[in-house]
Amino acid sequence: MAYIDGFVIAVPTANRQKFIDFAKEFDPIFLEYGATRVLECWGDDVPHGERTDFYRAVDAREDEAVLFSWIEWPDKATRDEGMKRVMDDPRMGPDNPMPFDGKRMIFGGFAPVVDLAA
């Protein structure tokens, strides 16, 4: 069964195109190393909650949008090896800074328990 890496980040709205350009350049690296799909989703209908919400999770500021992204892998073993190779890839080095504050990104790996399709 598939394995999913999920991410929530805050991106300055002024960096929308920079983020898209960054993703188009670097997301294919995940595909090179075994991912089957990468989705980057700009927040369009993200409500502010009373107790918690996506904005609080990443300490988003007034001038930032919340993004929800995920990487699909065929299985956890492929993900573990692929993610190691991505992190070791020189294209992912400090010469290519992210257009957002990576310290406020939340992420995790998830094993699907229900998988429905139309």
Return yes or no: is D63 modelled with pLDDT of 95 or more and open to solvent by less than 40 Å² (accessible area, probe 1.4 Å)?
-> no
Any idea which of A65, A35, A77 is closer than 15 Å to F100 by Cα and of a type in the set (G, A, S)?
-> A65
Test set (1) over 17 Å from the mean Cα position of the chain (by Cα); (2) touching a residue at least 24 places away in the same chain (Cβ under 8 Å); (3) open to solvent by 40 Å² or more (accessible area, probe 1.4 Å) - A118 fails condition number = (2)
Residue list for segment 1-14, restricted to those being in contact (Cβ under 8 Å) with a residue 60 or more places away in the chain and under 17 Å from Y55 (Cα atoms) | G6, F7, V8, I9, A10, V11, P12
Find all pairs meeting these conditions: Cβ atoms under 6 angstrom apart; at least six residues apart or on different chains; first residue within segment 57-78 and more than 21 Å from F26 (Cα to Cα); second residue at pLDDT 95 or above and exposed (fewer than 15 other Cβ atoms within 10 Å of the Cβ).
-> A57/I106; D63/T13
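Taking the conditions exactly as written (open to solvent by 50 Å² or more (accessible area, probe 1.4 Å), farther than 24 Å from P47 by Cα, of a type in the set (D, E) and touching a residue at least 60 places away in the same chain (Cβ under 8 Å)), does D101 satisfy them or not?
Values: open to solvent by 50 Å² or more (accessible area, probe 1.4 Å): yes; farther than 24 Å from P47 by Cα: no; of a type in the set (D, E): yes; touching a residue at least 60 places away in the same chain (Cβ under 8 Å): yes.
No.
The values are calculated or read from the model by the stated rules, or taken from the named source; none is laboratory data. Remember, it's a predicted structure, so these values are computed and weren't measured experimentally. Glycine gets a Cβ as well: all are built from the backbone with ideal geometry, and neighbour counts include every protein chain shown. These accessible areas exclude ligands, DNA and RNA; they are computed on the full protein's heavy atoms, side chains included. Shrake-Rupley method; radii C 1.70, N 1.55, O 1.52, S 1.80 Å.
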